There are 2 protein chains.
Amino acid sequence: MKHGVSPDTFPPRSHEAKRVSVVDAAASVFCREGYAGANIDLIAAEAGVSRQTVYNHHGDKEKLFVAVVRDLTERCNAGIFATIASFPDQPTDLEADLIAFAVRMNRNCICNRDGRFLRKLIQAEGERYPELFAEWREQGPGRTWSALAARFARLAFAGHLSIGDPDVAARQFFALVNAELQITFMLGGVPTEEEVLRSATNGVRTFLGAFARRKSPAAKQAALAHA
Amino acid sequence: MKHGVSPDTFPPRSHEAKRVSVVDAAASVFCREGYAGANIDLIAAEAGVSRQTVYNHHGDKEKLFVAVVRDLTERCNAGIFATIASFPDQPTDLEADLIAFAVRMNRNCICNRDGRFLRKLIQAEGERYPELFAEWREQGPGRTWSALAARFARLAFAGHLSIGDPDVAARQFFALVNAELQITFMLGGVPTEEEVLRSATNGVRTFLGAFARRKSPAAKQAALAHA
DNA sequence: GACGAATTGGACAAGCCTGTCTAAATTTGT
DNA sequence: ACAAATTTAGACAGGCTTGTCCAATTCGTC
């Protein structure tokens, strides 16, 4: 009844469940204590598992750390692409749509558990594992920015925006939308829903102030109507 | 001959020099290895000093860490205020002046040794020493933003800018000007002079695109003339 | 040159952590 | 219910680190 479609000979259930549990606990402890300060006993306790089980599953501390980062990277990237897919390509109200998009991106990818943990691990241990984080950089931000730049280019082509370099615009969009959250991020805090919304609103307004198409009076009028 | 004006009874020279040397080495090691991973022997070796001397000067590891953070905070804040004092209040060429200001701020306060180290320590250990970093937050970013907001308000009053909330504009200015450097910062790298200049240029252009006063054709003309 | 303070190198105890090993207990599939 | 695999608790060695102590040495000053 439990394993449904997969009649594998592998131990089908709580084996894998424990692996996940260990990786989750390890992510939490590595973030809180740093790699050197992280204690396997503590990870095991937090995962509700014996220390030996941690070693059985992951070999040693370093392999466990790598598994944690890969896991976080994968989940974060998945979330990011899912969110990018919701970009307003044919906007009805560009300002509102961009704000909603920014809030989604923040809440689902940057402020959630995985996002915060991954960011902190990158900042703390990025220099020690260059290839590991280079991989993240290419798969994550690299593609994110390209994808977003392509969307902006499309909006520009459709006459909604007036943009010089779409890649620059994409990076500036992120920077603006998070402008008011940076200190909170720096100290590892979680911004409230309201802070996220305000930062996104202010950021998008400034973004459109710089990039909204001005040659067509109709477009400008529409943008201003919602201010 | 060495101590010139101060005939104090205190050991006048290399005593203090060694204290500084130890704090500098400690900053470097704490950043590279994290608090838990930092090794007093390594700090002593990197400072060119015996381990005992480290303990003589600073008591224990935690006190040493606090001394490091206070030291970095103080120097960084001094640099930041010195740079803010160079803000172009009566600009001749607003775009060029703001770009130069942003580059100075970046090079002298954010990308230099102290700035990078302090940022990393805040990110890594900020949650463990709340009062220590709360102090930094108030004295540093808090005042920086206020000061910058006041300058922007003045520019707006003088008719150079069209700004809603000066505080928001100040935060967005920093965000825009660093938009292209975030990944580099995240991985602990040092951007090249050219990257800093490009990010500042793109950021200031977008900033002015959003906030440059548009009602006076002359101002707009002036701004565009240098694009 | 002589004095006192600071520094040094090294030994040292105590504690903590990793990673291994074992035998017993538990869970899982059949 | 049985057999195999997994998990557990605990002990354990080995290594590393912090912080202390001390005798010998160096440094700065008079």
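The values are calculated or read from the model by the stated rules, or taken from the named source; none is laboratory data. Source: prediction; values computed, not measured. Glycine also receives a Cβ, built like all others from the backbone with ideal geometry; neighbour counts cover every protein chain displayed. Heads up: the accessible areas ignore ligands, DNA and RNA and are worked out on the full protein's heavy atoms, side chains in. Shrake-Rupley method; radii C 1.70, N 1.55, O 1.52, S 1.80 Å.
Between the C-alpha center of the range A:11-90 and that of the range A:147-220 there is a gap of 32 Å. Taking a ≥ b ≥ c as the square roots of the eigenvalues of the Cα gyration tensor of the protein assembly as shown, is the shape rounded (a/c under 1.5), prolate (a/b larger than b/c) or oblate? Oblate is the answer for the protein assembly as shown, as a/c is 1.5 or above yet b/c matches or exceeds a/b.
Plainly put, the tip 7 Å out from Cα toward Cβ on B:GLU131 is 4.7 nm from that tip on each other copy, the closest given first. Averaged over the residues of B:167-178, the number of partner chain Cβ atoms lying within 10 Å of the residue Cβ comes to 6. At each listed q (0.07 Å⁻¹), what is the log10 of I(q)/I(0) that the Debye formula gives for chain A modelled as equal alpha-carbon point scatterers? Treating every Cα as an identical point scatterer, log10 I(q)/I(0) equals -0.31. Just check the range B:96-227 against the gyration tensor rule for me: Cα atoms, a ≥ b ≥ c as the square roots of the eigenvalues, rounded for a/c under 1.5, and otherwise prolate or oblate depending on whether a/b exceeds b/c. It comes out oblate by the Cα gyration axes. Extending 7 Å from the Cα toward the beta-carbon at both B:ALA45 and A:ASP165 defines two label points whose distance is 4.3 nm. Across the copies of the chain, B:ARG32 has label points (7 Å from Cα along Cα→Cβ) spaced 2.9 nm apart, shortest distance listed first. Computed from the C-beta positions of B:LYS63 and A:GLU62 and an R0 of 25 Å, the FRET efficiency is 0.20 to the nearest 0.05.
Accessible area buried by the pairing of B and A, both sides summed with a 1.4 Å probe, works out to roughly 3300 Å². Shown for chain A: the carbon plus sulfur share of the solvent-accessible area, taken with all protein chains present and a 1.4 angstrom probe, equals 54%. Please find the FRET efficiency linking A:ARG75 to B:GLN139, where r is the Cβ-Cβ separation and R0 is fixed at 51 Å, and quote it to the nearest 0.05. Once rounded, the FRET efficiency stands at 0.85. At a probe radius of 1.4 angstrom, the accessible area of the protein assembly as shown per residue rounds to 49 square angstrom.
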